[in-house]
Ligand SMILES: [Fe+2]
Ligand SMILES: [Fe+2]
């Protein structure tokens with residue numbers, strides 16, 4: 001039920017950072033079902049793994065985009081000491097994007113195949129890619145929490161926090177990203 005899962009993420013009251021981790025946990029959960037559940041539901045799990053990896057991958061790409069276009073530039077102006085941390089976070093985004101796009105390409109190739117070895121190879125590659133991405137993304141979220149998100153809460157004035165929320169909302173409206 002990918003649609004329901006996506007809706008659950010949209011409607012949650014979680015912070016953006018918590019959502020980021022939830023997205024990856026959802027992908028990992030589906031991939032482990034694919035590996036360890038019986039052959040009975042294999043075709044269904046395969047389709048679900050493919051669809052959810054691609055749609056949640058898009059969610060993450062949008063999230064990086066929103067941080068680079070709105071959150072980071074706003075903080076560079078209002079909390080200039082964050083500049084070195086922001087450069088590191090942007091460099092991490094570049095690596096994360098490459099990993100994520102490669103994961104999405106693998107997911108895109110995932111269909112029931114006659115050649116079992118080829119199919120198992122793709123599932124293996126997808127699982128390894130997701131574990132690796134989760135590890136890097138968790139570190140990235142921890143760094144963001146200790147730097148940019150901490151500054152939003154403790155160093156921006158109330159009116160600045162409201163302005164930033166407004167800019168983020170506007171950006172999400174333009175990009176169709178909720
Ligand atoms: Fe983030
Ligand atoms: Fe980020």
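Coordinate-derived values only; no laboratory data. From a predicted model like this one, the values you see are computed outputs, not experimental measurements. Note that each Cβ is placed from the backbone with ideal geometry, even for glycine, and that neighbours are counted across all protein chains shown.
Counting neighbouring beta carbons within 10 Å and listing from fewest to most, the residues 106, 134 come out as 134, 106.
Once the Cβ-Cβ distance between residue 88 and residue 16 is put in as r, and R0 is 25 Å, what FRET efficiency do you end up with, to the nearest 0.05? Efficiency, rounded to the nearest 0.05: 0.85. Ranked by the mean number of other Cβ atoms within 10 Å per residue, highest first, peptides 72-78, 118-124 order as 72-78, 118-124.
Only helices enter this figure: runs of n ≥ 4 DSSP H residues, each worth -39500 (n - 2.57), summed and divided by the residues of the chain, yield -27000 deg cm²/dmol at 222 nm to the nearest 500. Taking the inverse of the mean 1/r over every pair of distinct Cα atoms in region 3-175 gives a Kirkwood hydrodynamic radius of 17.4 Å. Extension gain, residue 44 to residue 154: 0.36 nm times the residue separation minus the Cα-Cα distance gives 35.0 nm. What angle, in degrees between 0 and 90 and rounded to the nearest 10, separates the Cα long axis of helix 42-66 from the longest principal axis of the Cα atoms of the chain? Once rounded, one gets 20 degrees.
Helix 16-36 and the longest principal axis of the C-alpha atoms of the chain enclose an angle of approximately 10°. With Cα atoms as the point set, the radius of gyration and Dmax of region 76-157 evaluate to 18.1, 60 Å.
Label-to-label distance for residue 81 and residue 169 is 3.1 nm, based on points extended 7 Å past Cα in the beta-carbon direction. Per-residue extension of 0.36 nm, minus the Cα-Cα distance of residue 32 and residue 143, leaves a gain of 37.2 nm for this segment.
Taking a point 7 angstrom from the Cα of residue 132 along the C-beta vector, which residues in region 74-97 have backbone N less than 13 Å away? Answer for region 74-97: 95-97. For region 134-178, the orientation-averaged shadow of the C-alpha convex hull comes to 3.9 nm² (one quarter of the hull surface).
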